[in-house]
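Student: Below is the structure I would like to discuss, written out as structure tokens.
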């Protein structure tokens, strides 16, 4: 493809000789487009400088040509990019374009939020495909299915990843892709937390055994270590390793920002959100998680305003409802929590969530002051079934509702079982709520995990 080489287009070829298909990723093309534009602007600038008259020289009368600036809003601020309508995104969507240029050029941008993804940005990583054309086709199809983020598509993606692994067991990216599919499918109730995380962990261990320089594997490993294993330090180390290998991966910066925010490291988290937004502009998921990060940092009013506005923009997004539910219960508003959780359960369509929502609504109707006990009881059920590892969340719920007796009981149980609570956000809010209570403070200090030191220099 002489035209691709001449223009340095980031086009990759599938195995198959001269008639093999070629493909490109939108993220790489966007970066290439930006570089090309800069080159063109630089060329125009040099040409303009060459045509300027010498100082003091008389030239033809010049007419000033206004330089357009970015569109501004009613307050004179540059307008932000308008996100796609809700019908076009569910925090993870593919942009697939096929063009007949001798062969098909497929452009794919999978984006997730809550869990959200982009193709790895290192050229050598993006170009890595199985040698067998049929296996390579299965791998690309699996990535596409995974990007659609529906339970059926994710199940099909898992099947295809496993098929690729069976055909090419040395192909490490397939294991990383399989892990990411398991991490996402759990959000839809198609797999239990323990099943999904166990499968994802097994796949990541195999990926790293085959290639410990695979950025996506370290990223997924960090996700598992933090949200399932509750090992904040190892999670931070994994994310840092992933960024060392690929510092321009927007998804890694985004996921890393989420855990940093939960750890209470707001300044560093905001820096990571900024980087993710620069690398993945116009991504609604980043705006949602950033709004939730305001709540995690104690900026409750700002968080509620931002999340409420986002809810009006994306009425079918479940993540926004989840963030709003947390924000409301932290203020002791169990009724508003129940309302947002009801919508969350409806949007996620997970039977257990729908059942819990109905029970919570009934409890709120009976007595708002004790309705949170429904949440505590459900958390205990999950703990008994191996779907929850700590009592941190139900303790937070009890704390928010001023239920000292339940809080003390949960703290004592956690201490006895050697639990370690990692979330600086929840720990801090519990401590502030009961700052004059020596017993609560003493028990809380026994389970709180020290925030890992994160050096991004």
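Student: Within the group 272, 244, which residue is in contact with a helix residue (DSSP H, G or I) (Cβ under 9 Å, 6 or more places away or on another chain), closer than 17 Å to residue 221 by Cα and in a helix (DSSP H, G or I)?
Tutor: 244
Student: State yes or no: is residue 235 modelled with pLDDT of 95 or more, closer than 22 Å to residue 451 by Cα and touching a helix residue (DSSP H, G or I) at 6+ places or on another chain (Cβ under 6 Å)?
Tutor: Details: modelled with pLDDT of 95 or more: no; closer than 22 Å to residue 451 by Cα: yes; touching a helix residue (DSSP H, G or I) at 6+ places or on another chain (Cβ under 6 Å): yes.
Taking the combined requirement at face value, the residue does not satisfy it.
Student: Considering the stretch 177-213 alone, what residues qualify as being buried (at least 24 other Cβ atoms within 10 Å of the Cβ) and under 20 Å from residue 245 (Cα atoms)?
Tutor: Selection gives 177, 179, 180, 203, 204, 207.
Student: Another one. So, in the stretch 316-342, of the ones that are surrounded by fewer than 20 Cβ atoms within 10 Å (Cβ to Cβ) and more than 22 Å from residue 298 (Cβ to Cβ), which residue ends up farthest from the chain's Cα centre (by Cα)?
Tutor: Looking at residues that are surrounded by fewer than 20 Cβ atoms within 10 Å (Cβ to Cβ) and more than 22 Å from residue 298 (Cβ to Cβ), I get 335.
Student: Return the total of residues in the stretch 247-261 being surrounded by fewer than 21 Cβ atoms within 10 Å (Cβ to Cβ) and in contact with a helix residue (DSSP H, G or I) (Cβ under 7 Å, 6 or more places away or on another chain). Break it down into steps so the answer makes sense when it comes.
Tutor: Here is the first cut: in the stretch 247-261, the ones surrounded by fewer than 21 Cβ atoms within 10 Å (Cβ to Cβ) are 247-248.
With in contact with a helix residue (DSSP H, G or I) (Cβ under 7 Å, 6 or more places away or on another chain) added as a condition, the list becomes 248.
Residues in the stretch 247-261 being surrounded by fewer than 21 Cβ atoms within 10 Å (Cβ to Cβ) and in contact with a helix residue (DSSP H, G or I) (Cβ under 7 Å, 6 or more places away or on another chain): 1 in total.
Student: Shifting gears a bit: Report, by residue number, each residue of the stretch 163-176 that is in a helix (DSSP H, G or I) and surrounded by 15 or more Cβ atoms within 10 Å (Cβ to Cβ). Break it down into steps so the answer makes sense when it comes.
Tutor: In the first step, residues of the stretch 163-176 are kept if they are in a helix (DSSP H, G or I); the result is 163-167, 172-176.
Once the filter is applied, which keeps residues that are in a helix (DSSP H, G or I) and surrounded by 15 or more Cβ atoms within 10 Å (Cβ to Cβ), the stretch 163-176 yields 163, 164, 165, 167, 172, 173, 174, 175, 176.
Student: Test of understanding: among 406, 390, which residue is surrounded by fewer than 22 Cβ atoms within 10 Å (Cβ to Cβ), part of a helix (DSSP H, G or I) and touching a helix residue (DSSP H, G or I) at 6+ places or on another chain (Cβ under 7 Å)? Explain how you work it out, then say what you get.
Tutor: On the way: 390 fails: part of a helix (DSSP H, G or I).
One residue alone meets the criteria, 406.
Student: All but one of (1) surrounded by fewer than 19 Cβ atoms within 10 Å (Cβ to Cβ); (2) under 30 Å from the mean Cα position of the chain (by Cα); (3) at pLDDT 95 or above hold for residue 457; state the number of the condition that does not hold.
Tutor: (3)
Student: Just one of 321, 301 is over 25 Å from residue 451 (Cα atoms), assigned to a helix (DSSP H, G or I) and touching a residue at least 12 places away in the same chain (Cβ under 8 Å); which is it? Reasoning before the result, please.
Tutor: Values: 301 fails: touching a residue at least 12 places away in the same chain (Cβ under 8 Å).
321 is the lone residue from the list that is over 25 Å from residue 451 (Cα atoms), assigned to a helix (DSSP H, G or I) and touching a residue at least 12 places away in the same chain (Cβ under 8 Å).
Student: Further, regarding this structure: With outside the structural domain of residue 151 (by TED's automatic domain parsing) and either without any contact (Cβ under 8 Å) to a residue 24 or more places away in the chain or in contact with a strand residue (DSSP E or B) (Cβ under 6 Å, 6 or more places away or on another chain) (or both) as the only criterion, which of 419, 368, 352, 340 stands out?
Tutor: 340
Student: With 276, 207 as the choices, which residue is out of contact with any strand residue (DSSP E or B) (no Cβ under 7 Å at 6 or more places or on another chain), modelled with pLDDT of 95 or more and closer than 30 Å to residue 168 by Cα? Don't jump to the end; show me each part of the working.
Tutor: Numbers: 276 fails: closer than 30 Å to residue 168 by Cα.
None of the others qualify; the one that does is 207.
Student: Within the stretch 358-404, which residues are within 25 Å of the chain's Cα centre (by Cα) and farther than 18 Å from residue 427 by Cβ?
Tutor: Looking only at the stretch 358-404, we keep the residues that are within 25 Å of the chain's Cα centre (by Cα), and these are 379, 382, 386-394, 396-397.
Correct list: 382, 386, 387.
The values are calculated or read from the model by the stated rules, or taken from the named source; none is laboratory data. Just so we're clear, the structure is a prediction, and the values are computed from it rather than from any experiment. All Cβ positions, even for glycine, are placed from backbone atoms using ideal geometry, and neighbour counts span all protein chains on display.
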